Ligand SMILES: C[S@@+](CC[C@H](N)C(=O)[O-])C[C@H]1O[C@@H](n2cnc3c(N)ncnc32)[C@H](O)[C@@H]1O
């Protein structure tokens, strides 16, 4: 794992899978961290999570921290809302937001989706909004989600999926993956990866009508499921 340092911008914590992807993602999200009016979400994952006061919630790819604030209010001062994001600029923005709101139960730190810096079986709810499509190794991300959830712990994830398989010419194009389209899986592949991680009771809570983005036909959905136990 390494941090991509650039004195004029933030840093990107990656698992070192492919430096060109890191450069494209960092360029996009360093810029977007400073644009609070731009929506980066593709569903209502945080609204559909139902943590109890005192529980631990983690937002994967928390961006500027909007969902983290709502999760922190749900878990209250005795709970914890942890935001993880590879972009140091996003981490700074999310921390500033939590501080403005006076939410001491929020922690935000740089962390890649593919290697969560959380103990096994330590999390009650995983939430993520429009972030997992960026991961090059999504099976690893889902295995990490299954590892950190407590037995019976739940996830609610909003993400894009590919209505038709992404053209192989773009599948690994770093800029196209950073722009939230070429990294999209088909729905069967997406659900298959979740099942392969051992997560169960997966429900599609909402789904958007298909739309075109560059060379792709996409949709987005919000899924809920749980770790057995
Ligand atoms: C489209 S934005 C969504 C942000 C936020 N969840 C929201 O709904 O506003 C995707 C976020 O995922 C983060 N991200 C993308 N790939 C990542 C990775 N491999 N590890 C950690 N964070 C990642 C980006 O830095 C960015 O903040």
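The values are calculated or read from the model by the stated rules, or taken from the named source; none is laboratory data. Nothing here was measured: the structure is a model prediction, and the numbers come from that model. Every residue, glycine as well, gets a Cβ built from its backbone with ideal geometry; the counts of neighbours run over all protein chains shown.
Among the residues of the range 74-83, is any in a helix (DSSP H, G or I), more than 17 Å from residue 180 (Cα to Cα), touching a helix residue (DSSP H, G or I) at 6+ places or on another chain (Cβ under 7 Å) and more than 13 Å from the ligand (Cβ to nearest atom)? Checked against the condition, which is being in a helix (DSSP H, G or I), more than 17 Å from residue 180 (Cα to Cα), touching a helix residue (DSSP H, G or I) at 6+ places or on another chain (Cβ under 7 Å) and more than 13 Å from the ligand (Cβ to nearest atom), the range 74-83 yields no hits at all. What are the residues in the range 38-55 that are touching a helix residue (DSSP H, G or I) at 6+ places or on another chain (Cβ under 6 Å) and part of a helix (DSSP H, G or I), if any? Matches in the range 38-55: 46 only.
In the set (1) without any contact (Cβ under 8 Å) to a residue 40 or more places away in the chain; (2) surrounded by fewer than 24 Cβ atoms within 10 Å (Cβ to Cβ); (3) part of a helix (DSSP H, G or I), the condition left unmet by residue 121 is number (3). In summary, residue 133 fulfils each of the numbered conditions (1) more than 16 Å from residue 66 (Cβ to Cβ); (2) modelled with pLDDT of 95 or more; (3) not in a helix (DSSP H, G or I) with the single exception of condition (3). Checked against (1) part of a loop (DSSP other than H, G, I, E, B); (2) surrounded by 15 or more Cβ atoms within 10 Å (Cβ to Cβ); (3) in contact with a helix residue (DSSP H, G or I) (Cβ under 9 Å, 6 or more places away or on another chain), residue 32 passes all but condition (1).
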